[in-house]
Structure formats: structure tokens, C-alpha cells
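Notes follow the structure.
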Amino acid sequence: MTAQPTPKGAWKITFLLFLFMLVNFADKIVVGLAGVPIMTELKLEPESFGLLGSSFFFLFSIAAIIVGFIVNRIDTRWVLLALALIWALAQFPMVGTIGFTTLLICRVILGAGEGPAASVAAHAIFKWFPDEKRTLPIAILSQGSAFGVILAVPALNWLIVNYSWHYAFGALGIVGLMWAVAWLILGKEGPLVQTAAMAANEPRIPYFRLLTSRTFVGCVAATFGAYWALSLGLTWFTPFIVKGLGFSQQQAGFISILPWVFGAVMVLLTGWISQLMLARGFTTRGARGVLGAVPLIVGGLVLSVIPHVAPGALMIALLVVGSGLCGSIYVVCTPMLGEFTPVSQRGAIISIYGALYTLAGILAPYVMGSVIQSAAAPLDGYMTGFTINAVILVVSGLLGLALLWPNTERARLTAHAVQPKFA
């Protein structure tokens with residue numbers, strides 16, 4: 001497959017999946033963006049709001065694993081359509097007057113629908129691009145998250161400020177349905193799939209060996225730290241700007257975009273540099289592993305400075321840079337897993353990877369909420385939460401640096417692989 005040219009229509013599908021991830025992250029961030037109005041209307045304490053943020057991830061990982069095995073056998077085209085419909089329908093109950101329990105249940109359902117999204121989209125992309133050309137389209141796919149925030153936040157915040165946070169959820173439901181219609185008309189399955197002959201000749205590696213390989217473990221550990229930072233950003237960044245630093249909801253809407261703008265630049269830069277390094281003969285250990293892990297360490301060190309500066313612009317700048325650097329790891333990990341995972345097992349492995357690292361999404365918002373509620377002052381709680389985030393980022397980056405060796409993984413794994421049997 002690595003010698004195959006890029007099929008016609010690959011970039012059209014990439015753009016559609018970019019929009020898919022755009023909607024995905026707009027759905028994710030709306031609770032954090034509307035955090036203060038939601039806490040005010042529903043009379044929620046920080047710990048309860050942290051639980052609401054975490055609830056999105058209660059079924060996230062389980063759904064990701066289940067769907068990961070499904071896409072080994074069913075076309076990603078139909079799976080992506082089903083996921084988008086779940087997202088849209090889960091938003092509409094929030095348009096009316098609801099209580100905390102209804103909001104929490106809808107977020108759990110939404111999380112179950114969004115859990116498999118990134119992994120299934122990446123699996124779909126791999127059917128359109130050979131291995132040496134995958135880093136840049138995966139980077140573009142990852143940009144859907146950034147642009148989902150950059151484009152959606154001003155519009156959603158306008159609805160929140162001028163009307164109600166309920167309308168923001170309704171608008172996202174409508175946008176989700178629009179994407180589903182577009183995908184139904186234009187979406188296709190990629191042609192770079194296994195033929196019967198390829199499947200017969202491909203060794204099968206036991207899942208236990210794949211899941212305990214050092215590169216798989218390294219990808220999970222590194223991305224866990226990055227997702228801890230991302231989960232805090234989705235749930236607590238806007239409340240921090242409003243309640244911690246004293247900005248208005250309208251001002252916070254614009255400030256909330258900044259980490260995603262910086263992160264978007266980092267992701268595209270990482271994708272471009274990685275592909276350039278591969279073209280110039282670097283191993284994937286350097287062009288993917290090191291390139292993805294080092295920014296996590298730097299980002300953690302930047303975040304560790306936040307408690308030691310005065311509240312204001314510098315604090316926001318450090319938070320933007322520290323969290324934005326984490327985006328690099330998302331670009332490189334799925335291509336690294338694709339290097340050594342047999343195609344027939346790839347969908348499941350990528351989904352299990354996603355299911356494991358997104359467990360950070362359950363922990364991070366609730367931990368931050370608990371720390372804020374138990375602190376003497378809210379700002380002190382935020383500072384403690386960001387320090388915890390810094391430590392996790394540095395540790396995850398160091399683990400990634402030590403464990404990410406994709407260029408030697410396949411040879412080591414296939415040495416003990418189950419060879420195909422012929423009739």
C-alpha cells in the first residue's frame with residue numbers, strides 16, 4: 001500500500017471529515033463555554049459542574065472500543081453517519097427548560113456518540129492515503145478540533161450572551177444534521193482497503209502483543225497527558241477567565257479561542273515538519289515519536305510557571321502556549337500505530353488507543369472542580385489544578401520519549417506473529 005498513489009477524491013473526503021471533527025469539538029466545548037450561565041441557572045457548585053464535564057466521558061471509551069471492532073467489518077461511511085445523527089439528536093432536549101439530571105444524561109449519550117469519532121475518522125482517512133502520505137491529512141483532520149472551537153465559539157457565545165445557553169445546544173443539533181445530510185450525499189469509502197489476497201498474506205498479531213507493545217503504551221501515556229489539558233480547556237477555561245480573572249462572558253468568548261488558534265498552528269506545523277523529515281530520510285522514531293513527545297514536556301514546563309505570575313495577560317499567554325503545544329501528539333500517534341498494526345486489526349487498535357487516553361477526560365474536569373471547591377479562594381484552586389496538569393504533561397512527555405519506537409515495532413511484533421493459514 002505504501003507505493004500506491006493518492007486516489008482521486010481523497011482530499012474531498014478529508015475536508016468532509018475535517019468538518020466532522022469541527023462539529024465534534026463544537027459539541028464538546030459548549031458546556032465549558034456556557035459554564036457560568038449553566039452553573040447560575042442550575043445552581044451548581046464547582047464539584048457538580050466538574051462532574052457534568054466528566055460525564056461526557058462516562059461511555060466515551062466503552063463506545064470507542066465497541067465501534068472500533070465494528071469498523072473492522074463495516075464500512076466507515078455508515079458508522080460515521082450514525083455517529084453524527086446521535087450527536088445531533090442528543091442536543092435538542094437542551095433547547096427547553098431542563099434540570100441537571102437531564103443535562104447530564106444528554107452529555108453521557110453525546111459522549112457515547114463522540115467517543116469513536118476521532119478513531120473512526122482516522123481509520124477512514126487511512127483508506128484514502130498510503131502510509132508515507134498520512135501525516136498531513138491526519139494533521140488536517142486534527143484541525144477540525146481547533147476550527148470547531150475557533151469558528152463555533154463566537155457564534156455560540158453570541159447566542160449565549162444575547163439569548164440563552166439553551167439556544168446554543170439547539171444550533172449545534174441543527175449543524176449536526178446538516179453534516180449528516182452532506183455526508184450521506186458525498187461520503188464514500190476509501191479504495192485503499194485489504195483485498196482477500198492481502199488479508200491472506202498478512203500476519204495476524206495477537207491483540208495482547210499489540211496492546212502491550214512499547215509504542216502503543218507510549219502513545220496512550222503521551223496522549224493521556226495531552227487530553228488532560230484538552231479536557232480542562234473544554235470544561236474549565238471559560239469559567240476560569242470569567243470567575244478566576246474577572247472578564248465578562250463576552251470577553252471570555254474571544255479569549256477562549258486563543259489556545260485553539262495556537263494549537264492549530266502547532267498541529268499543522270507538526271504535520272508538515274513530520275512529513276518533510278520522512279521525505280528526507282529520518283526514521284519515524286524521530287519524525288513522529290520525538291517530534292510528538294518533546295512539545296508535551298515543554299508545554300508542562302510552561303504551565304508550571306502560571307502560579308508564579310500575576311493574574312492577567314501573561315497568565316493567559318502561558319496557558320495558551322502550554323496547552324497549545326500538546327496538539328503535536330495527536331498528529332503523530334495514529335500514523336505510528338498504523339505502521340505496525342495489521343490492516344485487519346487497525347480500526348480496533350486505534351479505537352482502543354483512543355478509549356484509553358480519553359479516560360483523562362473523566363478525571364481532569366472533576367479533579368479541577370474538586371480542587372476549586374476545596375480551595376480557600378477560586379483562583380488558588382485553579383492554580384493548583386494547572387500545576388497538577390503541568391506535572392502530568394511532563395511525565396507523559398517523558399514516557400512518550402522513552403517508549404515511542406514505531407520504526408522497529410513491526411519487525412519485533414511480526415517475529416512472533418500468527419502466520420496466515422491456507423486451505
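The values are calculated or read from the model by the stated rules, or taken from the named source; none is laboratory data. On a predicted model such as this, the values are computed, not experimentally measured, just so you know. Cβ coordinates were reconstructed from backbone atoms using ideal geometry, including for glycine residues, and neighbour counts include every protein chain displayed. Each accessible area value is taken on the protein alone, full model and side chains, heavy atoms only, with ligands, DNA and RNA left out. Shrake-Rupley method; radii C 1.70, N 1.55, O 1.52, S 1.80 Å.
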Of 264, 375, 180, the one that fluctuates the most in a GNM where the chain has Cα springs shorter than 10 Å: 375
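Could you give the semi-axes, largest first, of the ellipsoid that matches the range 1-40, computed as the square roots of 5 times the alpha carbon gyration tensor eigenvalues and rounded to whole Å?
Values: eigenvalues 297, 16, 3 Å².
Sorted largest first and rounded, they come to 39, 9, 4 Å.
State which helices in the chain qualify, where a helix is a whole DSSP H run, it must extend 27 Å or more along its own axis by its Cα atoms, and its mean Kyte-Doolittle hydropathy must be at least 1.6. Walk me through the intermediate numbers first.
Details: long enough: 10-33 (34 Å, 1.69); 135-162 (41 Å, 1.50); 165-186 (32 Å, 1.64); 214-239 (38 Å, 0.92); 258-279 (32 Å, 1.69); 378-403 (38 Å, 1.50).
Helix filter hits for the chain: 10-33, 165-186, 258-279.
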Free-standing Cys residues across the chain, given no other cysteine C-beta under 4.7 angstrom: 106, 326
Residues of type aspartates and glutamates that residue 28 reaches as a straight line, Cα spacing below 16 Å, ignoring anything fewer than 8 places off in the same chain: 114
Chain lengthening between residue 374 and residue 186 when straightened (0.36 nm per residue, less Cα-Cα): 62.6 nm
Sorted largest first, extent of the range 293-337 alpha carbons per principal axis (Å): 42, 14, 9
Cβ-placed point charges (K, R +1; D, E -1), dipole of the chain about Cα centre in debye, nearest 20: 1100
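Once neighbouring chains are kept in place and the probe is 1.4 Å, which whole percent of the accessible area of the chain is contributed by carbon and sulfur? Numbers along the way, then the final one.
Working: 11560 of 16080 Å².
Carbon and sulfur atoms account for 72 percent of the accessible area of the chain.
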Net charge, residue 370 excluded, C-beta distance under 14 Å - Lys, Arg +1, Asp, Glu -1: -3
Modelled FRET efficiency - R0 25 Å, residue 412 with residue 73, Cβ distances, 0.05 increments: 0.35
With 5 Å bins from 0: P(r) over the range 120-182, alpha-carbon pairs, percent: 4, 15, 17, 18, 16, 12, 9, 5, 3, 1
Proximal aspartates and glutamates relative to residue 127, as straight alpha-carbon distance under 16 Å, when same-chain residues fewer than 8 apart are discounted: 75, 189, 339
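Any idea what diffusion coefficient the range 284-423 gets from Stokes-Einstein, in µm²/s, Kirkwood Rh on alpha carbon pairs, 20 °C, 1.002 mPa s?
Details: Rh = 17.2 Å.
Estimated diffusion coefficient is 125 µm²/s.
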Total charge dipole magnitude, the range 1-53, about the Cα centre, Cβ charges on Lys, Arg, Asp, Glu only, Debye to nearest 20: 440
Solvent exposure of the range 266-337 as accessible area per residue, Å², 1.4 Å probe: 36
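Projected area of the range 179-279, taken from the Cα convex hull and averaged over every viewing direction, in nm²?
Working: hull surface 47.2 nm².
About 11.8 nm², averaged over all directions.
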Residue-count net charge about residue 279 - beta-carbon cut-off 14 Å; Lys, Arg +1, Asp, Glu -1: +2
Residue among 227, 246, 212 farthest towards the positive dipole end of the range 194-304, charges placed on Cβ: 212
Residue-count net charge about residue 408 - beta-carbon cut-off 12 Å; Lys, Arg +1, Asp, Glu -1: +2
Surface accessible to a 1.4 Å probe, per residue, for the residues of the range 1-149, Å²: 35
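Ordered by packing density, taken as the mean number of other Cβ atoms within 10 Å over each peptide's residues, highest first, how do 26-33, 322-329 rank? Working shown, then result.
Values: 26-33: 26.4, 322-329: 28.5.
Highest mean packing first, the order is 322-329, 26-33.
How would 308, 166 line up by accessible area, probe 1.4 Å, largest first? Each step should come with its number before you reach the end.
Working: 308 150, 166 20 Å².
Output order, biggest surface exposure first: 308, 166.
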Volume per residue of the C-alpha convex hull in the range 2-115, rounded to whole Å³: 123
For the range 9-130, with +1 on Lys and Arg beta carbons and -1 on Asp and Glu, the positive-most of 100, 33, 80 along the dipole: 80
